[in-house]
Structure formats: structure tokens, C-alpha cells
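The values are calculated or read from the model by the stated rules, or taken from the named source; none is laboratory data. All of these numbers come straight from a predicted model, not from anything done at the bench. So basically every Cβ, Gly included, is an ideal-geometry build from the backbone, and we count neighbours across all protein chains shown. We work out accessible area using only protein heavy atoms, side chains counted, and drop any ligands, DNA or RNA first. Shrake-Rupley method; radii C 1.70, N 1.55, O 1.52, S 1.80 Å.
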Amino acid sequence: MSFAIETKDLRYTAGKTFQVSQLDMHVPHKSVYGFLGPNGSGKTTTIRLLLGLLKPHAGRVTVLGSEMPASYASVLARTGYVPERPHLYPGLTVDEALRFHGSFYPTWDGRWADDLVRQFALDRQRKIGSLSKGEGGKLQMTLALAQQPDLLVLDEPTDGLDPVVRRDILAAVLQYVTDRSATVLISSHLVHELERICDWVGLMDAGRLVSELPMQDFRSGLKRLRVSDAPDVLSSAPFTLMARDRGTGTVEQWVVRGWTPGMKEYFATVGASLREVVDLDLEEGFVEMLRAARQRAG
Amino acid sequence: MLKAILWSQWKPTRGLVLITSIIAFALPVSSLTITSTLRAQEVTRVMQSYGALYPMLAALTGLLIAMAAWAPDHAGRHTYALSLPVTRSQYAGMRFIAGSAFIGVTAAALLVGTLIVAVAGAIPDGLHVYPVALTFRFALAAMVAYAIFFAISSSTSQTAGVILGVMASILLAQFVLAMMEVDFNLIEKVGEFLAYRPGLFSVFAGRWMLIDA
């Protein structure tokens, strides 16, 4: 498998307490990679490291086959970036922002930018400083898409936007991915939002990449099990036990990863019995994975 | 790209350029109205007093245009500029060139004002008008001020720390010299070095005369 983004042992420290540590991240080519994590977990810092906006203290970053931050100019020419906070020049009008941005990209598609402006109902003569949050988000997405990037990096692109604008923006991203086979890295703390569009998930917590797996595995293999008469110590379990809640009675609740129906037989071999298998949605899975990671970290 | 940078920078700068250009045009013209009935010696004296205003205007022009050059990027914490597909030096270079062009506008206004003095003014015998020399010097001084403030405004906190460190080192060295009772004024020497030829600020020092012998 080839990767559009790959990091190896990436480290970065900011201030006395925050650090991105030993980050090994792999974003496959032509995938939509959901970068999940609670607020303050280090998603934005990681994205800034990937794009060469920050310089790592150690480790290696490769984006679209080029080393970062050494090759930042050529990589950014092929990357559309929508940052977490508004960053465009507030004194420019929408029309001027389009011309300004387009002048930096040889791949800029002015006609498509015009289509997107119409689709998003943006007023070309309005100053950026007077746009609402939703309009600003749409404009940023227009700029990122019209440059026809091979890689789209979207840092909380829909945070704080109303559902209609969120839907419009995500629809535009999906349309782009379908048409151009681009790679998308999209960060969010809104788990349900990514569930529909991502085929890979990376979970970040406290500056560490806790887990990275295909969405399919995340969805299908993540279960809550109700088990009775389970031994204290499990031997050679065919799944990964992420959390174990013993409760007060004999029935325990387990959260497991890598579950397949054929694993039911395992419980008889350890003298336990499986009462129920419950599907977890992405948000529940996200919470359980975080909880398990925090327990492991102590 | 440069055209786009020029336009994006012109918008927040144009008001400042207009103000400095009006002042630059008005200074020589107003000096002409005052000196029109005076004799040669009095004209020189008036021109000398006006001469202090030109370097001040040059420094102010450089400062304002430099601050305006980075204002949009500061507002967005430089995120947008850093995410554009150009090298940092190329981007800073284009911003610098754009600001330099705006200094040219103010300098051109000064040139027009001084040329009016040269053409319309009744210059007493023995005196000459130096419109081009004064304008050239003004442009050079404004560029020096612009370059310094542009660099400071664009610099990182690390660079600002280095500048402050150098200044602190000079003060500390002066303190040590004083403690050792060495008769050497380091601060004065540094000031002289910067203000007089070939110092960085020497263009601001000396006589700025539009009309002189």
C-alpha cells in the first residue's frame, strides 16, 4: 500500500506540557482519512507539522512522496488546506480572494471556482471580514477545491457550522473525491460526521496516535459483549479486549476489537459464556478506544 | 503572483500612501509660498527648518508602509501565507517589493512638489533648487526605514530576542566599562556609528535642502 502521508517517530513539543510524541501515521493514497480526537489532543499541531507550517523536533514526515518540511513549496502546490481558524485576508472581497489565491496555483480552475461560488451562494463583492462563519467556511472550501489538489487537508472544516452548511461542505468534498480520486485528511471531534465519508480512521489522544485502522474494521470489529463466569485472567483471546467492566454481578461488559462471529467458541474454552453481542456505533467505539488508551497509558 | 500581492497589499496601504503623498507634495509647495518674498539668506534659513521635516516624513512613510505590509498576515497569524506554495523568502520578497513600490508613489508626489518649486519659484540669485537630489534622498531614507521596520515586523520572536540581546549586551558592556572606570562611552560610539557615514542611519542625518547655494 502506498501512502499520501507517512510519518515516522514524529515528535514536537510546544510549551511545557503539550507534545506530539512518536507519531507513526499512514494515510493511504486516494483514501478519506478521518483524523479523530478530542479537543486539544494534537490534531491541529500534527496537521501543521505535516504541511511544514511547524518544524518537527524529531522524526520524519513524507507527504505526496516528498520530505517535509524540506519540500514544502512543491507539496503545498498539490495540497488544498482548510485550517481550523479563518485565515484569509479580511480586507479582500470574495472575488479578490479568488483571484489572489488562484494566482499561486498553476492548476487553478477558475470556471469551477465560479461554479462553487454560485453553488454556495457566495456574494462575490462581500468583504471576507463581513462573511458569516458558514460563508467563510464555504469560501475556504471553494479555494481549496478549485486549486484541484491531489491532497485535501481539512482541519475541523465544519466546526461551529449549521447542519445545512456542514452538509454542503461535506457533499462538495465527497464529490471532489469521487471525481478526482484525491486523498483527504479530515480532522474532527464530531465522530458521527466522519462515519459516513471516511474509509480510514486515525484516533489521536494526548499527542499520541492511539489507533489507526480501516473504517470497515472499526465498524465491524468493535463490539460490546456481555459475558458471564469469565476468568480473571484471559489466555490467548482471538480478539483485543479494550475495556472490561466487571460490574456487581456475575455478568461483565467487555469492549473488544477485531471481533468476528466465529470467536464465540472461545468462551467455552475458558469456562465462560457469551450472553450478548452489541454493535457499537463510531462514537461509542471512539469513546471506548479513548478510554482503553488512557487506561493503558496509566 | 506579484500582481496579486501588490493588490492585496495596496488595499490596506492606500490610505497611508495617500496621506504621506499629500504631505510629501505639500511640504515643498508650502515652503515656496513662504520663501517667495524672502532674500537668499532668509530662504536658506527657512529651507533648513523645512529640511528637518523631510527625514521625519521618510521615516514615517517607511514605518507605516512596513506595518501595513504585514498587517493582513498578522491578522491570520501567518497561516495563510505559510500555506501558499511559495518559499518563505519568495513570499517575503514579493511583500517587500510591493511596499517599495508604494514608497515610490510618495516619492513621486515629493518629486512633483519639488519640481513645481523649481519651475514656478522665484529663486534668489546664487541659490539653486535640487528637486531630484532631495527626492532621491527621501526615497533612500524611506527605503532604509521601510527595510528595518519590515524586517522587525516580519521577524519571529526568536529574532526579536536576538535584537534585544544585542542591545542588552551593549548596555551590559557599558556598565562593566563604567565599573572598571574605563573612560569609553560605548553607547555613544554605537550611536555615532549608526547615525553618521557609513552608518545605517546616516541618510537621515545632515542637511536636507531643497534650495541651497
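Observations on the structure shown:
- Relative to the Cα centre, the charge distribution of the stretch A:223-279, modelled as +1 at Lys and Arg Cβ and -1 at Asp and Glu Cβ, gives a dipole magnitude of about 140 debye.
- Convex hull (Cα only) mean projected area of the stretch A:223-279, reported in nm² to one decimal: 3.5 nm²
- Annotation: peptides B:125-138, B:68-81, ranked by per-residue average of other Cβ atoms within 10 Å with the highest first, follow the order B:68-81, B:125-138.
- Among the residues of A:103-112, the average count of other protein chain beta-carbon atoms within 10 Å of the residue beta-carbon is 2.
- Rel. contact order, % - alpha carbon contacts under 8 angstrom, at least six apart, chain A: 20 percent
- Mean per-residue shielding of peptide B:78-91 is 6, counting Cβ atoms of other chains within 10 Å of each Cβ.
- The alpha carbons of the stretch B:7-58 give a radius of gyration and a Dmax of 14.8, 49 Å, in that order.
- Probe 1.4 Å, all protein chains present, accessible-area order of B:M143, B:M1, largest first: B:M1, B:M143
- Student exercise, the stretch A:3-214 dipole from Lys, Arg, Asp, Glu Cβ charges, in Debye to nearest 20: 420 debye
- For the protein assembly as shown, adding -39500 (n - 2.57) for each run of n ≥ 4 DSSP H residues and dividing by the number of residues yields -16500 deg cm²/dmol at 222 nm.
- Chain B - Debye-derived log10 I(q)/I(0), Cα point model, q = 0.11 Å⁻¹: -0.67
- Binning the alpha carbon pair distances of chain A at 5 angstrom intervals from zero yields the distribution 1, 5, 11, 14, 15, 14, 12, 9, 6, 5, 3, 2, 1, 1, 0, expressed in whole percent.
- Kyte-Doolittle mean at least 1.0 and Cα axial length at least 30 Å: DSSP H helices in chain B: B:2-35, B:53-75, B:88-120, B:131-154, B:157-179
- Interface size B-A, as summed buried accessible area [1.4 Å probe, Å², nearest 100]: 2100 Å²
- Other protein chain C-beta atoms within 10 Å of residue C-beta, averaged over A:2-15: 0.
- Taking 24 Å as the limit for the C-alpha separation, the pairs A:K43/A:K138; A:K127/B:K3; A:K30/A:K55; A:K30/A:K133 exceed it in the case of A:K30/A:K55; A:K30/A:K133.
- Packing, as the average of other Cβ atoms within 10 Å across residues, places the peptides A:240-250, A:30-40 in the order A:30-40, A:240-250, highest first.
- A:L51, B:L18, reordered so the largest accessible area comes first (probe 1.4 Å): B:L18, A:L51
- Solvent-accessible surface ranking, highest first, for A:R118, A:R126, B:R207 at 1.4 angstrom: A:R118, B:R207, A:R126
- Compared with the dominant principal axis of the Cα atoms in chain A, helix A:133-146 is inclined by about 80°.
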